[in-house]
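Participant: The structure's right below; bear with me while I get my questions together.
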Amino acid sequence: MTTFEGFPVRRSCPHAPPSEYAELRARAPLAKIGSAAGRTTWLVTRQAEAREVLADPRISADSTAPGHPAARESAVRRVLIDMDGAEHGAFRRLLTPEFTLRAVRAKRTRLHSIVDTLLDGMLAEGGPRDLVRDFALPVPSLMICALLGVPYSDHEFFQSRTRIATDLDEPAASQGAALMELRASLVDLVEAKAADPGDDLISRLLAGPATRAEVASLATIVLIAGHETSASMIGLGVVTLLQRPDVLAALREGDLGWPAVVEELLRYHSIGEPVLTRVAAADLEIGGELIRAGDGVVVLGATADRDERAFDRGDEFDPYRATPRHLAFGHGAHRCVGADLARAELEIAYRALFERIPGLRLAVDAEALPFKYSSEIFGLHALPVTW
């Protein structure tokens, strides 16, 4: 059995998960956290074992269960996120119609309009511009606000609360308060939609079997997950592509397609590390280790997405590789329901940005870029560009 001390380790390189995790992956697929006082928690470092953990119904997502590595003081479970089995499936089915491939295709026209309008503004004002502020954040924020029926005028509020809630340097009390404020605003919006429904997800959820409190919880999840992750990926992807002019040339010449580039960027960056936390509900064996009921399990998704057993030269960005089966959206029953919408946002944003501003370049040295090393969702605080 392998033991790992000093978990968690923060990133120190913007282009890779912590090297300590890579070294651990080379030694074992599972390792026990040595500093977990009074309980047992396992780290999962490799792709095959990560998929096995995330797909096994004996592994629970309930963060209120004893032994969960991200256990919260509150005994109140979050709708969808903390649920398993049929209960989880019932709430997931309420969201699924909004995020099917067909539904996402219908949303592409709005996405194109959002992206083009933002680029029109950037081009009219000229460079240099902060691409995070002026493009990467507004693209998914405008889309998710339109989907939920949230006034876009509120975007600064929910973005600020999301930043606090995901900042590892913030005290737990501050993180909790930010989430409570965000949830309270969604509760108010749900009440308003109940009195005056519109053509939006919240109104459609209210017409179904979910209670108003459950609708507010689902809306909070969609709001948080629907903008911060895509915004981070847009920024990181732009930085990566600007450093690979050969890839941009291949895209312009038609030798490479945007869908393949998007998938490889998702694998390469896998921005949440770790967010895949679970607890064993029964004894089981994975990777040659006996995981007992009550043991915590942490899947190091970004590290597993560099696993050389699954990806040749996994530490390299290679959009020519066969479509990678990455963990950027998770795996199994809790796989991100909005994955196809996120893919569409990234493809449309990248394509339009580089086609309409072919001379795009960094306005500062790459070494000076302010990365979010303290955030649960890795990304950039700002991205100065010009053309």
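Participant: When only residues in the stretch 352-387 that are of a type in the set (D, E, K, R) and farther than 12 Å from Val238 by Cβ count, which is surrounded by the most Cβ atoms within 10 Å (Cβ to Cβ)?
Facilitator: Lys372
Residue-wise test of (1) under 24 Å from Leu119 (Cα atoms); (2) assigned to a helix (DSSP H, G or I).
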{"residue": "Met180", "(1), (2)": "no, yes"}
{"residue": "Leu205", "(1), (2)": "no, yes"}
{"residue": "Thr220", "(1), (2)": "no, yes"}
{"residue": "Ala250", "(1), (2)": "yes, yes"}
{"residue": "Leu256", "(1), (2)": "yes, no"}
{"residue": "Glu263", "(1), (2)": "yes, yes"}
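Participant: Could you check, for the stretch 319-330, whether at least one of its residues is surrounded by 15 or more Cβ atoms within 10 Å (Cβ to Cβ), modelled with pLDDT of 95 or more and touching a Phe, Trp or Tyr at 6+ places or on another chain (Cβ under 6 Å)?
Facilitator: Among the residues of the stretch 319-330, not one is surrounded by 15 or more Cβ atoms within 10 Å (Cβ to Cβ), modelled with pLDDT of 95 or more and touching a Phe, Trp or Tyr at 6+ places or on another chain (Cβ under 6 Å), which makes the answer no.
Participant: Can I ask one more? Could you give me the residue pairs with C-beta distances under 6 Å whose first residue belongs to the stretch 114-142 and is in contact (Cβ under 8 Å) with a residue 24 or more places away in the chain and under 15 Å from Leu383 (Cα atoms), whose second residue is surrounded by fewer than 16 Cβ atoms within 10 Å (Cβ to Cβ) and aromatic (Phe, Trp, Tyr) wherever it lies, and which are 6+ apart or on separate chains?
Facilitator: Here the result reads Gly127/Trp387, each pair linking the stretch 114-142 to a residue that is surrounded by fewer than 16 Cβ atoms within 10 Å (Cβ to Cβ) and aromatic (Phe, Trp, Tyr).
Participant: Please work out which one of (1) in a loop (DSSP other than H, G, I, E, B); (2) within 30 Å of Ala366 (Cα to Cα) is the condition Arg25 fails and give its number.
Facilitator: (1)
Yes/no matrix, rows are residues, columns are (1) under 23 Å from Arg92 (Cβ atoms); (2) in a loop (DSSP other than H, G, I, E, B); (3) within 17 Å of the chain's Cα centre (by Cα):
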residue	(1), (2), (3)
Val279	yes, no, no
Ala282	yes, yes, no
Leu290	no, no, no
Gly294	no, yes, no
Thr303	no, no, yes
Arg309	no, yes, no
Phe317	no, yes, no
Arg321	no, yes, no
Cys336	yes, yes, yes
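Participant: Let me ask something else about it. Could you check, for the stretch 244-251, whether at least one of its residues is more than 17 Å from Tyr21 (Cβ to Cβ), out of contact with any strand residue (DSSP E or B) (no Cβ under 9 Å at 6 or more places or on another chain) and among the β-branched types (Val, Ile, Thr)?
Facilitator: yes
Participant: With the requirement that a residue be free of Cβ contacts under 8 Å to residues at least 40 places away in the same chain, closer than 28 Å to Arg267 by Cα and among the charged types (D, E, K, R), what does the stretch 47-104 give you?
Facilitator: Within the stretch 47-104, Asp82, Arg93, Arg102 meet the criteria.
Participant: Filtering the stretch 262-310 down to residues that are of a type in the set (D, E, K, R), buried (at least 18 other Cβ atoms within 10 Å of the Cβ) and in contact with a strand residue (DSSP E or B) (Cβ under 8 Å, 6 or more places away or on another chain), which residue is nearest to Arg51 (Cα to Cα)? Before the answer, list the steps.
Facilitator: Quick first cut of the stretch 262-310, residues of a type in the set (D, E, K, R) only: 263-264, 267, 273, 278, 283, 285, 289, 292, 295, 305-309.
Then keep just the ones that are buried (at least 18 other Cβ atoms within 10 Å of the Cβ); that gives 263-264, 267, 273, 278, 289, 295, 305-307.
Filter again for in contact with a strand residue (DSSP E or B) (Cβ under 8 Å, 6 or more places away or on another chain), leaving 278, 289, 295.
Working: Arg278: 13, Glu289: 15, Asp295: 18 Å.
By that ranking, first place goes to Arg278.
Participant: List pairs: first in the stretch 237-260 and touching a residue at least 12 places away in the same chain (Cβ under 8 Å), second surrounded by 12 or more Cβ atoms within 10 Å (Cβ to Cβ) and among the acidic types (Asp, Glu), Cβ under 9 Å, 6+ apart or cross-chain?
Facilitator: Close Cβ pairs satisfying both conditions: Trp258/Glu347; Pro259/Glu347.
Participant: May I ask you to list the residues in the stretch 139-178 that are assigned to a helix (DSSP H, G or I), in contact with a strand residue (DSSP E or B) (Cβ under 9 Å, 6 or more places away or on another chain), closer than 18 Å to His227 by Cβ and among the polar types (S, T, N, Q)?
Facilitator: Thr162, Gln175
Participant: Same structure again: Determine, yes or no, whether His112 is modelled with pLDDT of 95 or more, surrounded by 13 or more Cβ atoms within 10 Å (Cβ to Cβ), of a type outside the set (Lys, Arg) and more than 24 Å from Arg325 (Cβ to Cβ). Walk me through it before giving the result.
Facilitator: On the way: modelled with pLDDT of 95 or more: yes; surrounded by 13 or more Cβ atoms within 10 Å (Cβ to Cβ): yes; of a type outside the set (Lys, Arg): yes; more than 24 Å from Arg325 (Cβ to Cβ): yes.
So His112 fits the description; yes.
Participant: Now, a different point. Within 23 Å of Asp62 (Cα to Cα) and in contact with a Lys or Arg (Cβ under 8 Å, 6 or more places away or on another chain): which single residue out of His326, His331 fits that description?
Facilitator: His331
Participant: Determine whether Ala219 is touching a residue at least 24 places away in the same chain (Cβ under 8 Å) and surrounded by fewer than 24 Cβ atoms within 10 Å (Cβ to Cβ).
Facilitator: no
Participant: Looking at Leu43, Leu94 in this structure, which one is outside any loop (DSSP other than H, G, I, E, B), surrounded by 13 or more Cβ atoms within 10 Å (Cβ to Cβ) and more than 20 Å from the chain's Cα centre (by Cα)?
Facilitator: Exactly one of Leu43, Leu94 is outside any loop (DSSP other than H, G, I, E, B), surrounded by 13 or more Cβ atoms within 10 Å (Cβ to Cβ) and more than 20 Å from the chain's Cα centre (by Cα), namely Leu94.
Participant: Quick check on the stretch 5-39: of everything there that is surrounded by 15 or more Cβ atoms within 10 Å (Cβ to Cβ) and basic (Lys, Arg), which residue is farthest from Leu327 (Cα to Cα)?
Facilitator: Ranking the candidates gives Arg39 first.
Participant: If we scan the stretch 132-146, do we find a residue that is farther than 28 Å from Leu369 by Cα and crowded, with 17+ Cβ neighbours inside 10 Å?
Facilitator: yes
Participant: Among residues belonging to the stretch 323-334 that are touching a His at 6+ places or on another chain (Cβ under 9 Å) and assigned to a loop (DSSP other than H, G, I, E, B), point out the one that is nearest to Gln243 (Cα to Cα).
Facilitator: Ranking the qualifying residues of the stretch 323-334, first place goes to Ala328.
The values are calculated or read from the model by the stated rules, or taken from the named source; none is laboratory data. Here the structure is a predicted model, which is why all the values come from computation and not from measurement. Every residue, glycine among them, receives a Cβ derived from its backbone with ideal geometry; neighbour counts consider all protein chains shown.
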